[in-house]
1. Give the number of residues within the range 147-162 that are within 18 Å of residue 187 (Cα to Cα) and either surrounded by fewer than 13 Cβ atoms within 10 Å (Cβ to Cβ) or modelled with pLDDT under 90 (or both).
2. From 154, 102, which residue is under 21 Å from residue 56 (Cβ atoms) and of a type in the set (A, V, I, L, M)?
3. So which pairs qualify, if the first residue must be in the range 49-62 and over 14 Å from residue 152 (Cβ atoms), the second must be among the β-branched types (Val, Ile, Thr), the Cβ gap must be under 8 Å, and the two must be at least 6 apart or on different chains?
4. List the number of the failed condition for residue 59; all other conditions in (1) at pLDDT 95 or above; (2) under 17 Å from the mean Cα position of the chain (by Cα) hold.
5. Of everything in the range 43-56 that's touching a helix residue (DSSP H, G or I) at 6+ places or on another chain (Cβ under 8 Å) and under 24 Å from residue 21 (Cα atoms), which residue is modelled with the lowest pLDDT?
6. Sort out which residues of the range 127-151 are in contact (Cβ under 8 Å) with a residue 40 or more places away in the chain and either of a type in the set (D, E, K, R) or over 26 Å from residue 63 (Cβ atoms) (or both), and write them in order of number.
7. Just to be sure I understand, how many residues within the range 157-194 are of a type outside the set (A, V, I, L, M) and over 15 Å from the mean Cα position of the chain (by Cα)?
8. Would you point out the residue of the range 93-123, among those that are among the hydroxyl-bearing types (Ser, Thr, Tyr) and at pLDDT below 95, that is nearest to the chain's Cα centre (by Cα)?
Amino acid sequence: MATLSHYIELHLRPDPETTPTHLLAALYTRLHRALVAAKTAPAGPCIAVGFPGYDGSRHTLGECLRLYGDEAALQLWAAGAWLGSLRDHVRTTAVLPVPADAAHRTLRRVQVKSSPDRLRRRLMKRHQLSEEQARQRIPDSVSRMTDLPFVQLASTSTAQQFKLFLALGPVQPQPQFGGFNTYGLSTRATVPWF
């Protein structure tokens, strides 16, 4: 069970050559890779993420990445070895206790199947169907769009670009416990929200 008693914040520094969106994507990619490596270690640390600048109406995650965990685990992350060359692009806070009056919310990934063409190509390949047969099974109307905030990432296995859409759940009266994946997200467990 994860103890999210403390947090650190990584604030993006202004950079005239790179947009905050690109810096956040690079930072989150580094974090994901470090979490993958940490999960392979015995009793790897449980780290959750939050975006205090999350704004669904403006479709942005903001310019700050917050890491949650227990104090000992976060001390290692605050040292910043995992940041590499991005260290110059972020300002990291000290490890701080989560405020006692913090709300609790889920932050989870939402996968959107927005490309009927891609779904048809996959169906054709898997079931040896013609393009017309695939079009009958998957009409254009299955396309789903979302206006959720996202971060643009690249798959480490295929190098393909994808959008990691993030949905912020409603405020919960009590924290919900559970595990977090290598993106620091969970469908069930909550993170402190303040």
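The values are calculated or read from the model by the stated rules, or taken from the named source; none is laboratory data. Please read these numbers as outputs of a predicted model, since none were measured by experiment. In this analysis, Cβ positions are derived from the backbone assuming ideal geometry, glycine residues included, and neighbour counts consider all displayed protein chains.
1. At the first step, the residues of the range 147-162 found to be within 18 Å of residue 187 (Cα to Cα) are 148-151.
Narrowing the set further to residues that are either surrounded by fewer than 13 Cβ atoms within 10 Å (Cβ to Cβ) or modelled with pLDDT under 90 (or both) leaves none.
The qualifying residues number 0.
2. Working: 154 fails: under 21 Å from residue 56 (Cβ atoms).
After applying the criteria, what remains is 102.
3. Every condition considered, the pairs that remain are 49/191; 50/191; 53/60; 54/60.
4. Single failed check for residue 59: (1).
5. The initial filter retains those residues of the range 43-56 that are touching a helix residue (DSSP H, G or I) at 6+ places or on another chain (Cβ under 8 Å), namely 44-47, 49.
Within this subset, residues satisfying the condition of being under 24 Å from residue 21 (Cα atoms) are 47, 49.
Working: 47: 94, 49: 97.
The residue in question is 47.
6. As a first pass, look at the range 127-151 and keep what is in contact (Cβ under 8 Å) with a residue 40 or more places away in the chain: 147-151.
147, the sole residue that qualifies.
7. The initial filter retains those residues of the range 157-194 that are of a type outside the set (A, V, I, L, M), namely 157-158, 160-163, 165, 169-170, 172-184, 186-188, 190, 192-194.
Those still in the list that are over 15 Å from the mean Cα position of the chain (by Cα) too: 157-158, 160, 170, 172-178, 192-194.
So the count comes out to 14.
8. Residues of the range 93-123 that are among the hydroxyl-bearing types (Ser, Thr, Tyr), as a first pass: 93, 106, 114-115.
Now drop any that are not at pLDDT below 95, which leaves 114-115.
On the way: 114: 19, 115: 22 Å.
Filtering the range 93-123 for residues that are among the hydroxyl-bearing types (Ser, Thr, Tyr) and at pLDDT below 95, the one nearest to the chain's Cα centre (by Cα) comes out as 114.
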